[in-house]
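The values are calculated or read from the model by the stated rules, or taken from the named source; none is laboratory data. All values derive from a computational prediction rather than experimental measurement. Glycine gets a Cβ as well: all are built from the backbone with ideal geometry, and neighbour counts include every protein chain shown. Accessible surface areas use protein heavy atoms only, side chains included; no ligands, DNA or RNA. Shrake-Rupley method; radii C 1.70, N 1.55, O 1.52, S 1.80 Å.
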Amino acid sequence: MICGVAAALTWALDTVILSIALSNAAFVSTPLAIALASFTSTFLHDASSAVFSFVYMAIRRKLSETWKTLRSREGLVVVGAALIGAPVGMTGYVMAINNIGAAYTAAISAFFPAYGAFLAAVFLKERMRPYQWVGLLVCVAGVAALGYTPVDSVPGDWALGIIGSLICVFGWGTEAVVIDWGLRSASVDDECAMQIRQTTSALTYALVIIPLLGGWGCTLDIMASSAMPVIALAALLGTASYLFYYKAIAQIGASRAMALNITYSAWAIPFSLLLLGTMPDPRGIVCAIVIIIGAITAATDFRELFGTKQP
């Protein structure tokens, strides 16, 4: 649980710092730069994270272990999870934002932990007690309420936006469950899985998504701008977040790890106040408290906590 909370805290910091980078002129210099901002920032973020992961694993002297894992069946499972969670999930997220706006997208995509918990219960036989399911649903509802702001109209096609949101839910929820399955093998280390995940994402964006979108010109401009060091700082925190997240998945399972991880939306509120001076409104404070309480309830086996569970 400590790793799960640490993953949420570092991802919240990552999110706030990345939002600072996205306000840089390099992301709004041309209409194309504006349209591709989500893709180029995600690529540079994950590419930087892949570099940090390589350095971290080199210091840990585990690069050969990662290479060995990559050539195994379980390593290919991790690659598949990375493709589902990063390019597929993120592409659906961006497609939804472009068509129905950030408010609806945030509210709908918040349901990925509930979907993931259902998958984990069906395929991994993870058991959650009734009060844990209630905690998860309360947490998800809090995230949806926090991210939703009523709008009069949507910028694009409503049906495409809903499809994009559902693709996002599918990608992010499935990734955690597939990773959980892969980490159950004694031959797969969670740190190796993290490095494979970040490298797979970066290479997919570099070799497929950015070229298809014609975004290399914008990407190179951003790399040469003052936004790049800020993105790198966010990526460093993101690397730490994934290290904690995968370790949490390995130790307490996908369902509970997702419930704790999604609290980043609540932790982002105090970080935004400290770093950006953004004052939270009463709804934000209430939703943050609800999210954290719901997530802790979902992730905690109270019988084990209070020593009443039979061995």
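Summary table below
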item: Residue tally, condition buried (at least 19 other Cβ atoms within 10 Å of the Cβ) and in a loop (DSSP other than H, G, I, E, B), over segment 266-300; result: 1
item: Subset of segment 260-302 [closer than 14 Å to Val5 by Cα and in contact with a Ser or Thr (Cβ under 7 Å, 6 or more places away or on another chain)]; result: Tyr264, Ala268, Ile291, Ile292, Ala295
item: Selection count, segment 229-244, where residues are among the aromatic types (Phe, Trp, Tyr) and either at pLDDT below 95 or open to solvent by less than 20 Å² (accessible area, probe 1.4 Å) (or both); result: 1
item: Scope segment 75-109; condition open to solvent by 30 Å² or more (accessible area, probe 1.4 Å) and either within 25 Å of Thr263 (Cα to Cα) or not aliphatic (A, V, I, L, M) (or both); matching residues; result: Leu83, Ile84, Val88, Met90, Thr91, Tyr93, Met95, Ile97, Asn98, Ala102, Tyr104, Ile108
item: Any hit, segment 223-233, residues being within 28 Å of Thr30 (Cβ to Cβ), touching a helix residue (DSSP H, G or I) at 6+ places or on another chain (Cβ under 9 Å) and of a type in the set (S, T, N, Q); result: yes
item: Residue satisfying condition, being over 22 Å from the mean Cα position of the chain (by Cα), modelled with pLDDT under 85 and under 25 Å from Thr10 (Cβ atoms), within set Thr278, Thr300; result: Thr278
item: Qualifying residue in segment 236-255 (condition: free of Cβ contacts under 8 Å to residues at least 12 places away in the same chain and in a helix (DSSP H, G or I)); result: no
item: Exclusive hit being modelled with pLDDT under 85 and either at positive phi or part of a helix (DSSP H, G or I) (or both), set Ala82, Ala107; result: Ala107
item: Number of the exception - Ser64 against (1) of a type in the set (Ser, Thr, Tyr); (2) in contact (Cβ under 8 Å) with a residue 40 or more places away in the chain; (3) under 20 Å from Ser185 (Cβ atoms); result: (2)
item: Matching residues in segment 29-74 - criterion: being under 18 Å from Met95 (Cβ atoms), in a helix (DSSP H, G or I) and aliphatic (A, V, I, L, M); result: Leu32, Ile34, Ala35, Ala37
item: Segment 40-58, residues that are under 15 Å from the mean Cα position of the chain (by Cα) and surrounded by fewer than 21 Cβ atoms within 10 Å (Cβ to Cβ); result: none
item: Qualifying residue in segment 12-28 (condition: open to solvent by 60 Å² or more (accessible area, probe 1.4 Å) and in a loop (DSSP other than H, G, I, E, B)); result: yes
item: Given (1) farther than 30 Å from Leu136 by Cβ; (2) of a type outside the set (D, E, K, R); (3) in contact with a helix residue (DSSP H, G or I) (Cβ under 8 Å, 6 or more places away or on another chain), number of the condition Pro113 does not satisfy; result: (1)
item: Selection status of Ala240, touching a Leu at 6+ places or on another chain (Cβ under 6 Å) and not β-branched (Val, Ile, Thr); result: no
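For (1) under 30 Å from Ile59 (Cα atoms); (2) open to solvent by less than 10 Å² (accessible area, probe 1.4 Å), each residue gets a yes or a no:
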| site | (1), (2) |
| --- | --- |
| Gly156 | no, no |
| Gly171 | no, yes |
| Asp190 | yes, no |
| Gln195 | yes, no |
| Thr200 | yes, no |
| Ala227 | yes, yes |
